[in-house]
Amino acid sequence: MIRLALLRHGHTAWNREGRIQGSSDIPLDDDARAELCQFRLPAPWDKADLWSSPLDRARETAQIVAARAPRVDAALSEMSWGDWEGLRGKDLLEQPGSGFRHIEDWGWDYRAPNGESPRELDRRLRPWLDGVKRDAVVVCHIGVMRVLLARAHSWNFDGPAPFRIKRNRLFVLTLSDQKLIPEREPVRLEKRP
C-alpha cells in the first residue's frame with residue numbers, strides 16, 4: 001500500500017480576490033511566501049517522495065515547505081476553467097445564464113466553457129497514480145484534491161462535500177488496488193523552530 005499526502009499550494013493574489021485560477025500560472029504572493037516559510041513537512045512525510053504540479057504556485061510551495069525541489073508532472077496541474085479563468089465566481093453566479101454553479105451541484109461532468117470537467121481531470125490523474133511507487137507528498141491544487149478526495153469518499157459532486165480542504169494540512173490517502181482510502185483527519189504542517 002502506498003500513502004499520498006495532498007497539500008494545497010499557498011495563496012496567490014487571485015485567490016485573495018476570489019478569481020478562478022485554473023490552469024493560469026499565477027505565482028504565490030509575498031504574504032504566502034512569508035507564511036509558508038514558517039512551516040515544514042512533519043515526519044515521516046519529510047522523507048517521502050515529493051511531487052508537484054508544474055504551475056509556479058505549487059512548485060514554489062513544495063520547495064519552501066520541503067526545502068528541496070519536487071518532481072513535477074503535468075497531470076497534477078489544476079483543472080482548466082477555460083473562459084472563466086480570471087473571473088470571479090460570485091460575479092458569474094449573479095449573471096443569469098452564465099452556467100456557473102456551486103460545487104454541490106456539479107456532478108462529474110460539469111465544466112466551464114472550453115474548460116475541463118472533474119471526470120476529465122480524474123482520467124488525467126489515473127496514469128500518474130498508476131506510476132506512483134512510494135509514499136509521496138503531492139503539492140497541487142484544490143481541484144486536483146477535490147477529485148482525489150471525491151473518489152476516496154465516493155462523493156459525486158452532488159450535495160455537500162464530506163471533506164473541507166484547508167491550507168497547511170496534509171490530506172492523507174492510502175492507494176491500494178486502484179482504490180483511494182482517506183485517513184480520518186488531515187495532518188498539520190509543523191512550525192519551523
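The values are calculated or read from the model by the stated rules, or taken from the named source; none is laboratory data. Nothing here was measured: the structure is a model prediction, and the numbers come from that model. Glycine gets a Cβ as well: all are built from the backbone with ideal geometry, and neighbour counts include every protein chain shown. Surface accessibility is based on the protein's heavy atoms, side chains included, excluding ligands, DNA and RNA. Shrake-Rupley method; radii C 1.70, N 1.55, O 1.52, S 1.80 Å.
Scanning the range 27-47 turns up one or more residues that are among the acidic types (Asp, Glu) and under 20 Å from Leu4 (Cβ atoms). Kindly provide the set of residues from the range 155-193 that are open to solvent by 100 Å² or more (accessible area, probe 1.4 Å) and either in a helix (DSSP H, G or I) or among the polar types (S, T, N, Q) (or both), ordered by number. Once the filter is applied, which keeps residues that are open to solvent by 100 Å² or more (accessible area, probe 1.4 Å) and either in a helix (DSSP H, G or I) or among the polar types (S, T, N, Q) (or both), the range 155-193 yields only Gln178. In this entry, Pro96 passes the filter for residues that are out of contact with any helix residue (DSSP H, G or I) (no Cβ under 8 Å at 6 or more places or on another chain), surrounded by fewer than 17 Cβ atoms within 10 Å (Cβ to Cβ), free of Cβ contacts under 8 Å to residues at least 12 places away in the same chain and not polar (S, T, N, Q).
For Gly82, the requirement of being open to solvent by 70 Å² or more (accessible area, probe 1.4 Å) and out of contact with any helix residue (DSSP H, G or I) (no Cβ under 9 Å at 6 or more places or on another chain) is not met. The helices (runs of 4 or more DSSP H) falling completely within the range 1-92 that include 2 or more residues that are touching a Leu at 6+ places or on another chain (Cβ under 6 Å) map to 56-66.
Every condition in (1) surrounded by 18 or more Cβ atoms within 10 Å (Cβ to Cβ); (2) assigned to a loop (DSSP other than H, G, I, E, B) holds for Leu121 except the one numbered (2).
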